[in-house]
Amino acid sequence: MENSVDTIIGINVSLKGNLYNKGSVQVNGSVDGEVKSDENILVGETAKIKGPVVAKKIEVSGEVRGLVEAADKLEINPTGKIYGDVNAKILIIKEGAVFVGKSIMPNETGLPEKNPETKEEVEDKAEEKTEDRVGFFSKK
């Protein structure tokens with residue numbers, strides 16, 4: 001990250017709860033909750049975050065389990081692991097990194113593409129198709 005870090009969560013720190021900071025944050029310990037910054041977040045190699053991570057720029061060298069939202073850029077380093085969905089304008093996944101989830105990138109207006117159907121709508125459509133097939137086969 002280009003900017004200096006305002007807040008550091010040390011390697012031996014275990015935090016339960018949400019962390020909000022206007023400046024940059026570096027996490028080297030563990031956080032069970034949301035980590036949010038108006039600037040940058042650096043997830044160090046020893047870090048484990050369970051919860052959403054939201055910032056302008058995010059660099060992951062440790063582990064994140066949850067949604068990751070980067071307004072500008074998300075970079076997953078070779079030691080980085082993300083288990084969850086990501087939303088980023090620019091996404092860089094380096095060789096050796098682990099990413100299990102789906103990626104959503106903004107359209108030309110800067111807003112993420114919206115999935116036209118919710119999970120419930122998809123399930124309802126599948127149920128309707130099944131009912132149609134059952135009805136079809138039962139009629140002779």
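For the range 73-93, a tally of residues being assigned to a strand (DSSP E or B), surrounded by fewer than 16 Cβ atoms within 10 Å (Cβ to Cβ) and more than 11 Å from the chain's Cα centre (by Cα) returns 3.
Comparison of 96, 101 shows that the only residue that is surrounded by fewer than 19 Cβ atoms within 10 Å (Cβ to Cβ) and under 13 Å from the mean Cα position of the chain (by Cα) is 101. Tallying residues that are among the small types (Gly, Ala, Ser) and under 13 Å from residue 45 (Cα atoms) within the range 69-102 yields 2. Scanning the range 34-48 for residues that are out of contact with any Lys or Arg (no Cβ under 6 Å at 6 or more places or on another chain) and free of Cβ contacts under 8 Å to residues at least 40 places away in the same chain yields 34, 35, 36, 37, 41, 43, 44, 45, 46, 47, 48. In contact with a strand residue (DSSP E or B) (Cβ under 6 Å, 6 or more places away or on another chain) and in a strand (DSSP E or B): does that describe residue 5? Answer is no for this residue. Those strands (runs of 3 or more DSSP E) of the range 20-72 in which at least 2 residues are surrounded by fewer than 20 Cβ atoms within 10 Å (Cβ to Cβ) and either out of contact with any strand residue (DSSP E or B) (no Cβ under 8 Å at 6 or more places or on another chain) or not β-branched (Val, Ile, Thr) (or both), considering only elements entirely within it, cover 30-32, 48-50, 63-65.
Read the figures in this text as sums done on the coordinates, not as results from a lab. Model, not experiment: these values are computed from the prediction. As a convention, Cβ positions derive from the backbone with ideal geometry for all residues, glycine included, and neighbour counts pool all protein chains shown.
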